[in-house]
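**Q** The following block contains the structure, expressed as structure tokens.
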Amino acid sequence: MATKSGDVKPVHEEADGVPHWSQDPLGFLIAPVTTEEFFERYYEQAPLLTARGRPDLYAGMLTLEMLDAFINSADLRQGMLDLANQANRIDANSYINEGGRIITPVVAEKYLEGATIILPHLHESMAELGEFCRALEGVFSCHVQTNVYLTPASAQGFPIHYDNHDVFVMQISGAKQWSFYGAPVATPYRGEGFELGRHEPGPVTESFTLTPGDCVYVPRGVMHAAPNVGAEPSLHITVGLITKTWADLILESVSELALNEPAFRRSLPAGYARQEFDREEARRHFETLTALIAEKASMDSAFDLMADEFLRLRRPNLAGVIAGTPDVPREGDRFRKRPLVPWQVADDDGKLALIGPGGDIFFDDDDGDALDVALSGAPFTADDLPCKDPKRVLRKLWANGYLERLSRER
């Protein structure tokens, strides 16, 4: 484990001690470190390395063979694949044709010459990787994305740099020698990217080799480099957390306050950009506005709005829904809410709005008790739903990916 002082030490875990990601997505990455310890000691504070001695731990999500097959068979378009070397990204015009398609033989040639192959957002094309990201979104309440990197033997994709979002790096195959160099910018904004020449690395603070089945958490702002070591190509998944900040929340609360306070909506004084403009009156108005923020800005209202927006923008999990829809529900069918699907219920002009992945679903006002049963996480049948039309409620939840079907009752 990496302590706050920067000393990275691997954590070893028995093979049967790592939870499956569908039950505990964060534990899948950090066990045996607990969720509580992670958020207290490491999150946005210090790197964490976990080494389990299980080279095949991530094989269900991705292997070199799966990646090879994807590159060979997918209709790759611009934005779905990038190439980079240690200096910078390679000009996309060298491997994209006039129709916007990736020229895969050129990609192979560049790779043989030492270029790193990058596949952004591969979770949108590979089912299990996508499901894992959705599960992790439920833990962090943020958008989760992936970049996949395939680096040839003895090569390096990028020079020393920092990321402006937190990442978990899951090593699939091969090995990389990681080095940390401190954090020149504490928790940088999303737009506050690394600039070569402006942010200089300090001395190496930690160094370790990441091998198959290992994972390292890297807070945003921590400078690092990771050249490939050994005779095999290195394949890893970088899982990125695209979080909201306290600044986002405060800006949202001020925006809401401005809807009710005309003083915020007044134009800036005429001529304010002139050199001779007297700012005293403007300063007094600014102080009036900051006083209004302190007095009337609502955290809860802004919090609710951002939480609902997060839920609506999630991608629904419809695995098995189409195949199982024609006969839902069958006699004796038992259902349960899918684990880790986020949701919220709100009143909307006499209707109940179920806010969750894919947008709002509306139910009758007297369906509330049925929703409580269906979304509790406990197994249930259609007959257990206390409402006028249990099948209608169940089918709506099923079609929108909230439920999984269990074995029939006997």
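**Q** So which residues in the range 317-342 are crowded, with 17+ Cβ neighbours inside 10 Å, under 24 Å from E137 (Cβ atoms), modelled with pLDDT of 85 or more and not basic (K, R)?
**A** N317, V321, F335, V341
**Q** Quick check on L112: is it within 26 Å of the chain's Cα centre (by Cα) and either at pLDDT 95 or above or within 18 Å of G174 (Cα to Cα) (or both)?
**A** For L112, the condition - within 26 Å of the chain's Cα centre (by Cα) and either at pLDDT 95 or above or within 18 Å of G174 (Cα to Cα) (or both) - is not met.
**Q** Also, I was wondering about something else. Taking the range 343-378 as the search range and keeping residues that are small (G, A, S) and without any contact (Cβ under 8 Å) to a residue 40 or more places away in the chain, which one is surrounded by the fewest Cβ atoms within 10 Å (Cβ to Cβ)?
**A** Restricting to residues being small (G, A, S) and without any contact (Cβ under 8 Å) to a residue 40 or more places away in the chain, the top hit is G350.
Let's see how each residue does on (1) modelled with pLDDT of 95 or more; (2) assigned by TED's automatic domain parsing to the domain that holds S173; (3) within 29 Å of F132 (Cβ to Cβ); (4) among the hydroxyl-bearing types (S, T, Y):
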| position | (1), (2), (3), (4) |
| --- | --- |
| D214 | yes, yes, yes, no |
| Y217 | yes, yes, yes, yes |
| T238 | yes, yes, yes, yes |
| I250 | yes, no, no, no |
| V254 | yes, no, no, no |
| P262 | yes, no, no, no |
| S267 | yes, no, no, yes |
| E276 | yes, no, no, no |
| E281 | yes, no, no, no |
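**Q** Quick check on my filter: what residues within the range 355-410 are among the small types (G, A, S) and in a helix (DSSP H, G or I)?
**A** G368, A370, A374, A382, A399
**Q** In addition: Looking only at the range 246-300, which residues are small (G, A, S) and farther than 30 Å from P188 by Cβ? First the steps, then the outcome.
**A** Taking the range 246-300 first, the residues small (G, A, S) are 247, 253, 255, 258, 263, 267, 270-271, 273, 282, 291, 294, 297-298.
Listed by number, the residues that qualify are A263, S267, A270, G271, A282, A291.
**Q** Something else: Please state which one of P47, P55 is in the same structural domain as T116 (by TED's automatic domain parsing), more than 20 Å from Q145 (Cα to Cα), in contact (Cβ under 8 Å) with a residue 24 or more places away in the chain and not polar (S, T, N, Q).
**A** Result: P55 is the single residue among P47, P55 that is in the same structural domain as T116 (by TED's automatic domain parsing), more than 20 Å from Q145 (Cα to Cα), in contact (Cβ under 8 Å) with a residue 24 or more places away in the chain and not polar (S, T, N, Q).
**Q** What number of residues within the range 17-64 satisfy the criterion of being part of a helix (DSSP H, G or I) and more than 23 Å from V222 (Cβ to Cβ)?
**A** So the count comes out to 2.
**Q** Between a residue in the range 286-299 that is within 10 Å of V254 (Cβ to Cβ) and any residue that is outside any helix (DSSP H, G or I), which pairs come within a Cβ distance under 6 Å, given they are 6 or more apart or on different chains?
**A** As it stands, the answer is L292/E261, since those pairs meet every condition given.
**Q** Looking only at the range 65-94, which residues are part of a loop (DSSP other than H, G, I, E, B) and either free of Cβ contacts under 8 Å to residues at least 24 places away in the same chain or closer than 18 Å to N228 by Cβ (or both)?
**A** Step one: of the range 65-94, the residues part of a loop (DSSP other than H, G, I, E, B) are 74-76, 78-81, 85-88, 90-91.
Within the range 65-94, N85, Q86, A87, N88, I90, D91 qualify.
**Q** Just checking: which of the helices (runs of 4 or more DSSP H) contained wholly in the range 268-351 hold 3 or more residues that are among the acidic types (D, E) and within 26 Å of D367 (Cα to Cα)?
**A** Numbers: elements: 280-296, 299-313, 321-324.
Because the criterion is at least 3 residues that are among the acidic types (D, E) and within 26 Å of D367 (Cα to Cα), the helices (runs of 4 or more DSSP H) in the range 268-351 that meet it are 299-313.
**Q** Still on this structure: Considering only residues of the range 144-160 that are at pLDDT 95 or above and surrounded by fewer than 20 Cβ atoms within 10 Å (Cβ to Cβ), which is nearest to W343 (Cα to Cα)?
**A** Among those residues, the one meeting the criterion is Q145.
**Q** In addition: Looking for something basic (K, R), within 22 Å of L318 (Cβ to Cβ) and modelled with pLDDT under 95 - is there at least one such residue anywhere in the range 379-391?
**A** yes
The values are calculated or read from the model by the stated rules, or taken from the named source; none is laboratory data. Since the structure is predicted, the reported quantities are computational estimates derived from the model, not experimental observations. With ideal geometry, Cβ positions are generated from the backbone for all residues, glycine too; neighbour counts draw on all protein chains shown.
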